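The values are calculated or read from the model by the stated rules, or taken from the named source; none is laboratory data. For clarity, every value in this text was computed on a predicted model and none was experimentally measured. Cβ: placed from backbone, ideal geometry, glycine included. Neighbour counts: every protein chain shown. Just so you know, the surface numbers come from the protein's heavy atoms only, side chains and all, with ligands and any DNA or RNA stripped out. Shrake-Rupley method; radii C 1.70, N 1.55, O 1.52, S 1.80 Å.
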Amino acid sequence: MMAELDLLGATPFELSQVHIIFDASNDSGCSYHIVKRSTFAPVVHAVRNAGIAVSSLRLETSDGIKIADCHSLRAIFPLTKKERFQRSMWRLAVAILLATAFGTYAHALWRLEAADNQLGAQIAEAQAAAKQARIQLAQRQAALEQTSRLRDQKQTSASVVETWAELTKVLPDTAWVTDLTLRAGEVTVNGYAQSAAGLIEPLEASPLLVSPDFVAPVVRVPGQEGERFVIKAKVARQ
């Protein structure tokens, strides 16, 4: 469809006047050639009258020999009656072969099922026991995971509340926090202050925060009051 739109938009030809032949030898992309139907007409007529089977179509261009893809080939040279008959016979042979293979497989499967039935009761009993064991194990694992999640949530929630309360207490009124992240015993604080350099001393005096330090340059942001800071510190307890 894209080739047809390209043809109508970029050339003076109508679709009924040309053949669009796609290049099957172009591995790096998609390319096609436009050939007038009148150019192919004598060859197509002669081939059809002779009943010749055409298996490939090659075009000689300035870039070398180009091989047409199968769809372009069949659009110009449809299959002959002989080729259609041969393909039908081939499909029939494949169908017979598949039916024979399926019959052989079904017979082997029946024999296998008959042999398995002798151990059916023992297998069913073993499967029931294994299923029960898996259920109990899954329930125990789920209970352990839920307990661990609840413990972690409790500890994390308490740390966030305590850390936020401590920051609210120690930071001066000239500073405000825009983002707080608590992970793995470390707190990262983003915000603005009239003097970011004066924030380290009150943070160091806090019993909850250890080794506060800037982890990014202190900058002034256009349109914002004060200096933008990013400070990271360890939390003494969780």
Cβ-Cβ under 7 Å pairs, at least 6 apart or on other chains, the range 192-204 side within 15 Å of R220 (Cβ to Cβ), far side among the small types (G, A, S) and open to solvent by 80 Å² or more (accessible area, probe 1.4 Å): none
Qualifying residues in the range 218-229 (those that are at pLDDT 85 or above and in contact with an Asp or Glu (Cβ under 9 Å, 6 or more places away or on another chain)) - the one surrounded by the most Cβ atoms within 10 Å (Cβ to Cβ): V218
Only one of (1) over 25 Å from R151 (Cα atoms); (2) open to solvent by less than 90 Å² (accessible area, probe 1.4 Å); (3) touching a Ser or Thr at 6+ places or on another chain (Cβ under 9 Å); (4) modelled with pLDDT of 90 or more fails for T188. Which number is that? (1)
Are there any pairs with C-beta distances below 7 angstrom linking a residue in the range 161-175 that is without any contact (Cβ under 8 Å) to a residue 60 or more places away in the chain to a residue that is open to solvent by 90 Å² or more (accessible area, probe 1.4 Å), with the two at least 6 apart or on different chains, and if so which? T174/Q194
Counted residues in the range 191-212 being over 21 Å from E162 (Cα atoms) and either open to solvent by 60 Å² or more (accessible area, probe 1.4 Å) or within 40 Å of the chain's Cα centre (by Cα) (or both) come to 3
For L109, are the conditions met, namely being in a helix (DSSP H, G or I) and on the phi < 0 side of the Ramachandran plot? yes
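Report yes if A115 is exposed (fewer than 10 other Cβ atoms within 10 Å of the Cβ) and either polar (S, T, N, Q) or without any contact (Cβ under 8 Å) to a residue 40 or more places away in the chain (or both), otherwise no. Walk me through how you get there before you give the answer.
Working: exposed (fewer than 10 other Cβ atoms within 10 Å of the Cβ): yes; either polar (S, T, N, Q) or without any contact (Cβ under 8 Å) to a residue 40 or more places away in the chain (or both): yes.
Against the criterion (exposed (fewer than 10 other Cβ atoms within 10 Å of the Cβ) and either polar (S, T, N, Q) or without any contact (Cβ under 8 Å) to a residue 40 or more places away in the chain (or both)), A115 qualifies.
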With of a type outside the set (F, W, Y), within 27 Å of E14 (Cβ to Cβ) and out of contact with any Lys or Arg (no Cβ under 9 Å at 6 or more places or on another chain) as the only criterion, which of D69, D116 stands out? D69
Please tell me if V215 is touching a Ser or Thr at 6+ places or on another chain (Cβ under 9 Å), open to solvent by less than 50 Å² (accessible area, probe 1.4 Å) and hydrophobic (A, V, I, L, M, F, W, C). no
